[in-house]
Amino acid sequence: MTDDPLPDLPAGAFARQDGGDDLAFYAPPRFVAHIDEGATAALTAFYRQVLPAGGRLLDLMSSWISHLPVERIFAAVVGHGMNAAELAGNPRLARWFVQDLNRDPVLPLDADSVDAAMCCVGVQYLQQPVAVFAEVRRALVPGAPFVVSFSNRCFPTKAVAIWRALDTGGHAALVRLYLERAGFATVAVDVLANGSTGDPLVTVTGRA
């Protein structure tokens, strides 16, 4: 009997080249775009379809931009991230908090308090992904979407070993596995940009 939610993954799957303090690594603000304009536009269009207008959103592993449709109004957008200056510079966030999820995966959110959640190009850094995703599911109302998006960019020294070892298809299968083990249902994979003319972008969406 094991408490490991991912016993089928190899030993050392969540090791990193840089095991140093994450909050120190992310302390310098990085006001940069982590995906190009084409991928950003594709993600925003996807959000327009999936995220409920007027809903309460959780933007997990956010920064100074949330890629939300500019014309869409939401009841509140709560942001989580690793850099206070970046989060403070995000005009879409009603409130935000800084937390190292690799040290503490428990979110300071009430159960059934969120109508949709997003995690844009951050999943590759999680060392306890199932625990974090289970917390997101706890915070979501039943049936709410959790959209996890990723590209081929990352800080390689902070990405976990299994992410660095896989290709795009493997990444999608891995994120699907995280979501399923965390209790999400009806998981769907969508290729929003195939990378032929710019950054690739894939979403994996689970329903709470």
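General observations
- Considering only residues in the stretch 119-174 that are surrounded by fewer than 18 Cβ atoms within 10 Å (Cβ to Cβ) and among the β-branched types (Val, Ile, Thr), the one that is nearest to ALA13 (Cα to Cα) turns out to be THR157.
- Identity of the residue in the stretch 23-40, surrounded by 12 or more Cβ atoms within 10 Å (Cβ to Cβ) and touching a helix residue (DSSP H, G or I) at 6+ places or on another chain (Cβ under 8 Å), that ends up nearest to ALA193 (Cα to Cα): ILE35
- For the stretch 33-51, the criterion of being at pLDDT 95 or above and assigned to a loop (DSSP other than H, G, I, E, B) is met by at least one residue.
- Qualifying positions in the stretch 134-156 - in a loop (DSSP other than H, G, I, E, B), closer than 20 Å to MET82 by Cβ and among the small types (Gly, Ala, Ser): SER151
- Pair list, Cβ < 8 Å and 6+ apart or interchain, from the stretch 164-180 residues that are under 13 Å from VAL123 (Cβ atoms) to residues that are part of a helix (DSSP H, G or I) and aromatic (Phe, Trp, Tyr): HIS171/TRP163; LEU174/TRP163; TYR178/PHE133; LEU179/PHE133
- Scanning the stretch 174-208 for residues that are closer than 23 Å to ARG153 by Cα, of a type in the set (Gly, Ala, Ser) and out of contact with any Pro (no Cβ under 8 Å at 6 or more places or on another chain) gives ALA188, GLY195, SER196, GLY198.
- Of all residues in the stretch 53-80 being assigned to a loop (DSSP other than H, G, I, E, B) and of a type in the set (Gly, Ala, Ser), the one that is surrounded by the fewest Cβ atoms within 10 Å (Cβ to Cβ): GLY54
- The residues of the stretch 81-93 that are within 20 Å of VAL106 (Cβ to Cβ) and assigned to a helix (DSSP H, G or I), listed by number, are ALA84, LEU87.
- Some residue of the stretch 109-123 being in a helix (DSSP H, G or I), more than 24 Å from ILE35 (Cα to Cα) and within 13 Å of the chain's Cα centre (by Cα): no
- Just one residue in the set ALA13, ALA75, ALA84 is modelled with pLDDT of 95 or more, among the aliphatic types (A, V, I, L, M), over 19 Å from VAL147 (Cβ atoms) and in contact with a strand residue (DSSP E or B) (Cβ under 6 Å, 6 or more places away or on another chain); that residue is ALA84.
- Taken together, the residues in the stretch 181-191 that are touching a residue at least 60 places away in the same chain (Cβ under 8 Å) and crowded, with 20+ Cβ neighbours inside 10 Å amount to 1.
The values are calculated or read from the model by the stated rules, or taken from the named source; none is laboratory data. Keep in mind that this is a model prediction, so the values were computed, not measured. With ideal geometry, Cβ positions are generated from the backbone for all residues, glycine too; neighbour counts draw on all protein chains shown.
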